[in-house]
Amino acid sequence: MKENNLSNHENYMRRCFELAKLGGSFVAPNPMVGAVLVYGERIIGEGYHQKFGEAHAEVNCLRSVKNEDRHLISNSTLYVSLEPCTHYGKTPPCTDLIIQNKIPKVVISVKDNFHLVKGKGIEKLIKNNVDVIQGILESEGKELIKHFLFFHQYNKPYITLKFARSKDGFIGIKGERVLISNDLSQRHTHRLRAEHQSILVGKNTVLTDNPSLTVRYWNGKNPIRIILSDEAAIPENYHVKNSEAKTIFINDDIQTAIKKIGEKNIISVLVEGGANTLQQFIDAGLWNETHVITSNTELKTGIKAPLIHDELLTNIQLEDNTVQVFKNTQA
């Protein structure tokens, strides 16, 4: 078997990331994970975690190996974007599978910070004479599963704020449903919905807009809908009470609400409004990143949009709309 150099390690790890992304919103609260099995310089197996509660990436990767290549497994290198698990959860430990198949080398991007793994998978592999290489494209690997890593490091969900504002700085008009963003920006919003395990809005937003809060312009699973309200305050015929997605009603201050959300093993929250709810999160510093969509539309009057002054990560131009992504440097 040929020894893989660093550039090969990185190329195969990038393929792991591509595969991992295919799991998308269907794996939460688990992380997206991809795996590639390489003999010499030939990929003989690929797999990814497809759905929460189902087989992990390593299992699907080994299952994909053709019968005529199975004898090569014990002389191959397994690339995996996250440290293999070593505990019994919804599925058996992946470390045991690797050892049973006599795979001699495992290349990992990110060390798992979940308390039941946290290096134990790597330790077990090394104790069983598996050559383990760590940290390949680690920053990219961490970015891919930032919601999962943040949740298990701080025991609270990763929070993304999103709002659209007019050119003259208004988020809407009280009591009216106002469409500010264009079609591409709406697709961007629905991609964010697909990437988060839950979506949160305040009572006034539901009563004014009657939103569905589902993924319609992107491929993905509908997020859990979280409404900051008594359930009785929302009419039965409103969209948030239909069967398209699970809805949770929480009538607490946002600090308590976020604590309750975390206790439900929800690792990420997209906060979409309204202005008062967004401002509460901003004032409390309870956010990790914010997506601000600015359109060319002028409203002249209305509800002032919240102001974000933290680190600007990127600008995205979507026709006549601009999306600015900010990072909370204090989170």
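The values are calculated or read from the model by the stated rules, or taken from the named source; none is laboratory data. Nothing here was measured: the structure is a model prediction, and the numbers come from that model. Please note: Cβ atoms are built from the backbone with ideal geometry, for glycine as well, and neighbour counts cover all protein chains shown. The protein model used for the area step is the full one, side chains on, heavy atoms only, and it has no ligands, DNA or RNA in it. Shrake-Rupley method; radii C 1.70, N 1.55, O 1.52, S 1.80 Å.
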Quick check on my filter: what residues within the stretch 184-222 are surrounded by fewer than 21 Cβ atoms within 10 Å (Cβ to Cβ), under 19 Å from Leu318 (Cα atoms) and of a type in the set (Lys, Arg)?
Arg187, Arg191, Arg216
Scan the stretch 223-234 for residues that are out of contact with any helix residue (DSSP H, G or I) (no Cβ under 6 Å at 6 or more places or on another chain) and either open to solvent by 50 Å² or more (accessible area, probe 1.4 Å) or among the polar types (S, T, N, Q) (or both) and jot them down.
Asp230, Glu231, Ala232
May I ask you to list the residues in the stretch 255-299 that are in a helix (DSSP H, G or I), open to solvent by less than 30 Å² (accessible area, probe 1.4 Å) and either at pLDDT below 95 or basic (Lys, Arg) (or both)?
Ala275
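Can you find, within the stretch 12-41, the residue that is farthest from His71 (Cα to Cα) among those that are part of a strand (DSSP E or B) and open to solvent by less than 10 Å² (accessible area, probe 1.4 Å)?
The initial filter retains those residues of the stretch 12-41 that are part of a strand (DSSP E or B), namely 34-39.
Remaining after also requiring open to solvent by less than 10 Å² (accessible area, probe 1.4 Å): 34-38.
Working: Gly34: 22, Ala35: 19, Val36: 16, Leu37: 13, Val38: 13 Å.
Within the stretch 12-41, the match that is farthest from His71 (Cα to Cα) is Gly34.
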If only one of Val65, Val106 is more than 30 Å from Thr214 (Cα to Cα), part of a strand (DSSP E or B) and open to solvent by less than 20 Å² (accessible area, probe 1.4 Å), which one is it?
Val106
Applying the selection to the stretch 300-318, what residues are more than 21 Å from the chain's Cα centre (by Cα), in a strand (DSSP E or B) and of a type outside the set (D, E, K, R)?
Ile303, Gln317, Leu318
Criterion: under 15 Å from the mean Cα position of the chain (by Cα) and under 24 Å from Leu313 (Cα atoms) - qualifying residue of Glu143, Glu138:
Glu143
Where in the stretch 127-205 are there strands (runs of 3 or more DSSP E), lying wholly inside it, with at least 3 residues that are touching a residue at least 60 places away in the same chain (Cβ under 8 Å)?
158-165, 170-172, 198-202
